[in-house]
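Remarks on the structure that follows.
Please treat every number below as a calculation from the coordinates, not as lab data. From a predicted model like this one, the values you see are computed outputs, not experimental measurements. Ideal geometry is used to build each Cβ from the backbone, glycine not excepted, and the neighbour counts take in all protein chains shown.
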Amino acid sequence: MLLTSLILAGVLVLATCAVQFWGLVGLSWVMRRRYMYHPEKLTGVASQGATIIMVVLGLFCLHTIQIWIYALTYLAIGEFNAVEPALYFSTSTFTTVGFGDLVLAENWRMLAAAESANGFLLIGWSTAFLVAVTARVRVFEAEIGQPDGQ
């Protein structure tokens, strides 16, 4: 059963990493499309703030999808008999909070451990992306704020 748990964990890690990758590609595309032809839209604190908030909400949506992938898996393997506890367990595990009030059966514990490690890395990846976007927005503002020739 350990092998089954590890194989399932590997499949879920691949699936959630794919969601993360394509989600970040999509967010990058939206930002590039929005500002490529209209750089004046990125000037000002409100516009920069809106861009950063858009990215944060996009990242939140990606993590919500990833958490649901795990929650639906827990339902499919019969670890929970309702959506709410499966979603609650998945959220607390993915975010590495791990309250411990709900636990998986012994034969699926490695799946929960994999979700925790996966969530930790994906949240870190999102943080790195957000920092890069924030730095890029600030650099872009500096570039368009410079008079020609400087």
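Charged neighbours of Leu27, selected by a Cβ distance under 14 Å, balance to +4 (K, R count +1; D, E count -1).
With Cβ to Cβ distances under 11 Å as the rule, what net charge do the other residues near Thr73 carry (K, R +1; D, E -1)?
Values: positive: none; negative: Glu79, Glu115.
Net local charge, Thr73 excluded: -2.
Between the amide H of Gly98 and those of Thr93, distances stay under 5 Å, these residues lying 5 or more places away or on another chain, with hydrogens modeled in the peptide plane. Positive end of the dipole of the stretch 1-135 (Cβ unit charges, origin at the Cα centre): among Phe99, Ile53, Trp125, the Cα lying farthest that way belongs to Ile53.
May I ask for the net charge around Leu102, where only other residues with Cβ less than 12 Å from the Cβ of Leu102 are counted and Lys, Arg are +1 while Asp, Glu are -1? Mind showing how you got there, number by number?
Values: positive: none; negative: Glu79, Glu84, Asp101.
Its environment carries a net charge of -3.
Each residue, Phe60 and Thr127, gets one label point 7 Å from its Cα in the Cβ direction; the gap between the two is 1.8 nm. With R₀ fixed at 30 Å, the C-beta to C-beta distance from Val83 to Ala15 puts the FRET efficiency at about 0.95. Annotation for Asp101 and Arg34: the two label points, set 7 Å from Cα along the Cα-Cβ direction, are 3.7 nm apart.
Could you work out how much longer the chain between Ile52 and Arg138 gets when fully extended? Use 0.36 nm per residue separation minus the Cα distance between them, nm to one decimal.
Numbers: separation 86, 0.36 × 86 = 30.96 nm, distance 1.08 nm.
Full extension of this stretch gives 29.9 nm more.
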